[in-house]
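This report concerns only the one structure given below.
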Amino acid sequence: VSAPRIVDLRAGILEKNDLLAAGLRERFAAAGTSVVNLVSAPGTGKTELLEQLLTRMAATTSVAALVGDCATDNDARRLARAGAPVRQIVTEGMCHLEAELVAQHLDGWNLDGFDLDAIDVLFVENVGNLVCPASYDLGESLRVVLLSVTEGEDKPVKYPALFSSADIAVITKVDLADAVGFDRDAALAALHSVRPGIAVVETSARTGAGVAELADLLRAPASLTATA
Ligand SMILES: Nc1nc2c(ncn2[C@@H]2O[C@H](COP(=O)(O)OP(=O)(O)O)[C@@H](O)[C@H]2O)c(=O)[nH]1
Ligand SMILES: [Mg+2]
């Protein structure tokens, strides 16, 4: 008897999130802001790559970042080194970001003098998790999923919901590929099996490989349709 009630509640929460995300999407469009939702397992290298992207893109593009974690503002402090506006969202244990949290933090930020209208690309680093963020639209323009060479080539097929909802896949930490015996062909096959034709960029935040290519793709996402 209780099972249908659980399903109803979940559906209700997701419906509420979708409505809020639709409102955010309109707000981002009106502000001319492209929003990039970065999703991956914990430790894949979201923050380190984002620090590089913010630093590189800031020369030509107005960038900012919201970063979600269960606890601490460690990542916001790391990202602030890039000089762009950065705000931490502490989810207090929740395993994903929701549209409501993004909206609340944007409003609080605006009160502090932050101006969304002046931002071209707003990054949102999601909570590290390969399951829950898949179901929560944040009103983003692009969802970018990261898979590091140390994580196992078959993660896309184990967590298909998240990988199939992404617009771009980034294979991170390629500087470690040889050390861990990374099977690049197997990883690409796994990515394309759940998301055929997905744009894939291979990066190393250590050597800087692929970071410029990814920055260009994020600045001009229209090129995605050409490459897909
Ligand atoms: N070798 C190597 N290590 C990396 C790279 N990117 C991140 N790391 C390391 O991986 C760990 C997790 O990175 P972090 O950016 O915090 O991952 P997040 O949890 O996805 O935000 C840290 O120790 C980073 O220094 C990379 O490209 N190459
Ligand atoms: Mg992080």
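The values are calculated or read from the model by the stated rules, or taken from the named source; none is laboratory data. This structure is a prediction, so every number in the text was calculated from the model and none was measured. Cβ coordinates were reconstructed from backbone atoms using ideal geometry, including for glycine residues, and neighbour counts include every protein chain displayed. Ligands, DNA and RNA are excluded from the accessible area calculation, which covers all protein heavy atoms including side chains. Shrake-Rupley method; radii C 1.70, N 1.55, O 1.52, S 1.80 Å.
Here Ala59 and Asp107 are evaluated by their C-beta separation; at R0 = 41 Å the FRET efficiency comes out at 0.90.
Taken one residue at a time, the phi angles of the range 19-34 give Karplus couplings (6.51, -1.76, 1.60, θ = phi - 60°) of 5, 5, 5, 5, x, 4, 4, 5, 5, 5, 5, 5, 7, x, 9, 8 Hz. Gly and Pro are set to x. Among 60-72, 169-181, the peptide with the highest mean count of other Cβ atoms within 10 Å heads the list, and the full ranking is 60-72, 169-181. Using the rule -39500 (n - 2.57) for each DSSP H run of four or more residues, divided by the residues of the chain, the 222 nm mean residue ellipticity is -12500 deg cm²/dmol.
Only lysine pairs 8 or more places apart, or on different chains, with alpha-carbon atoms under 27 angstrom apart are counted in the chain, and they number 5.
At a 1.4 Å probe radius, carbon and sulfur cover how many percent of the accessible area of the chain?
Details: 5650 of 10400 Å².
Accessible surface attributable to carbon and sulfur in the chain totals 54 percent.
Each peptide among 18-31, 40-53 gets the average number of other Cβ atoms lying within 10 Å of its residues, and from highest to lowest they stand as 40-53, 18-31.
Taking 2.2 N^0.38 Å as the expected size of a compact globular protein, what ratio does the Cα radius of gyration of the chain give against it, to two decimals? It is 0.99. Gain on full extension, evaluated as 0.36 nm per residue between Asp185 and Arg81 minus their Cα-Cα distance, stands at 33.9 nm.
With the simple spin-label model, which puts each label point 7 Å out from Cα in the Cβ direction, the Val157 to Ser135 separation comes to 2.5 nm. Database remark: amide H of Val67 closer than 5 angstrom to the amide H of Arg87, Gln88, Ile89, Glu125 (H placed geometrically; neighbours at sequence offset of 5 or more, or on other chains; Pro and chain starts carry no H). In this structure, Val90 and Ala29 have a Cβ-Cβ separation that, at R0 = 30 Å, corresponds to a calculated FRET efficiency of about 0.60.
Under 5 Å from the amide H of Ile171 lie the amide H atoms of Leu147, Val201, Glu202, Thr203, each residue being 5 or more positions distant or on a separate chain, with H modelled from the backbone and absent for Pro and chain starts.
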